[in-house]
1. Every residue in region 210-230 that is within 27 Å of Ala116 (Cα to Cα) and at pLDDT below 95, please.
2. Output the number of the condition that Ala130 fails; it satisfies all remaining conditions of (1) closer than 19 Å to Asp194 by Cα; (2) within 16 Å of the ligand (Cβ to nearest atom).
3. Of the numbered conditions (1) away from the ligand (no atom under 16 Å from the Cβ); (2) surrounded by 14 or more Cβ atoms within 10 Å (Cβ to Cβ); (3) in contact (Cβ under 8 Å) with a residue 12 or more places away in the chain, Pro5 fails exactly one; give the number of that condition.
4. How many residues does region 145-170 contain that are buried (at least 18 other Cβ atoms within 10 Å of the Cβ) and not aliphatic (A, V, I, L, M)?
5. Need at least 2 residues that are within 16 Å of the ligand (Cβ to nearest atom) and under 20 Å from Ile156 (Cα atoms) per element, so show me which strands (runs of 3 or more DSSP E) inside region 36-115 make the cut, counting only ones lying wholly within it.
6. Looking at Gly105, Gly149, Gly82, can you tell me which residue is closer than 30 Å to Glu6 by Cα, small (Gly, Ala, Ser) and at pLDDT below 95?
7. For region 14-35, how many residues are more than 16 Å from the ligand (Cβ to nearest atom), part of a loop (DSSP other than H, G, I, E, B) and surrounded by 18 or more Cβ atoms within 10 Å (Cβ to Cβ)?
Amino acid sequence: MSNLPESMHRAVGAARTEVWRLHAALVDNGLVAWTAGNVSARVRGTDGCPDLMVIKPSGVGYADLTPESMVVCDLGGARADGAYLPSSDTSAHCYVYRHMPGVGGVVHTHSSYATAWAARGEAIPCVITAMADEFGGEIPVGPFALIGGDEIGRGIVATLTGHRSPAVLMRNHGVFTIGATPASAVKAAVMCEDAARTVHLARVLGEPQPLPADQVDALHRRYTTEYGQR
Ligand SMILES: [Zn+2]
């Protein structure tokens, strides 16, 4: 990518390393089997260069990934740099970046418990404080959509626009999460699977008790404005 301005060249290099590292987090957290899951990062355009995206190469095992093997695409999904073809979910990631300008990272997994909710087409109800914190309510279900075109991306954007949840359960498919950064999208994917597992166990053992809406609001407000190191 010798035609990129130096600032973009550096930013793409940093994104390659970050996206490579975050794929290891998908494995470490048990969110993926074989090659089915991917992380991408938006690289914001500078010096007249449009935004780009860094994403996993298609069909390459996690153990074989390197920063150099990550694929750079424009937001139309065309490969701009990289030896491999990009993930088969590239068009969905691109659609999200084109239509949600605040999104800096997108993650897709078929993590078991969350995908079991998606297979039933059932939103995960907000019945634990950790869900109120992270998702601000239920984790919603998006439409069934076939891979390849804009259909999945359209479903993600339609479901998550104006919703507090950074995660959507795409019907009969799996999880897509968004974040201001790729790391925050990975965190949402980890927390989504954790919530899906806990609420599943609660459902198996009895009837989970919903949290009152005002408590959900208060928890979410505290978590997003006061929690952690500031
Ligand atoms: Zn998938």
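1. Pro210 - this is the single residue of region 210-230 that is within 27 Å of Ala116 (Cα to Cα) and at pLDDT below 95.
2. (2)
3. (2)
4. If we filter region 145-170 for residues that are buried (at least 18 other Cβ atoms within 10 Å of the Cβ), which is where we start, we get 145, 152-153, 155-157, 159-160, 165-170.
Right, trim to not aliphatic (A, V, I, L, M) and you get 153, 155, 159, 165-166.
Residues flagged as buried (at least 18 other Cβ atoms within 10 Å of the Cβ) and not aliphatic (A, V, I, L, M) within region 145-170 amount to 5.
5. On the way: elements: 37-43, 52-55, 71-74, 79-81, 105-109.
The strands (runs of 3 or more DSSP E) meeting that bar are 37-43, 105-109.
6. Sole residue among the options that is closer than 30 Å to Glu6 by Cα, small (Gly, Ala, Ser) and at pLDDT below 95: Gly82.
7. 0
Yes or no, residue by residue, for (1) out of contact with any helix residue (DSSP H, G or I) (no Cβ under 7 Å at 6 or more places or on another chain); (2) polar (S, T, N, Q):
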residue	(1), (2)
Asp47	no, no
Leu52	no, no
Arg79	yes, no
Ser91	no, yes
Arg98	yes, no
His110	yes, no
Tyr113	no, no
Trp117	no, no
Arg120	yes, no
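The values are calculated or read from the model by the stated rules, or taken from the named source; none is laboratory data. Since the structure is predicted, the reported quantities are computational estimates derived from the model, not experimental observations. Backbone-built Cβ (ideal geometry, glycine too); neighbour counts: all protein chains shown.
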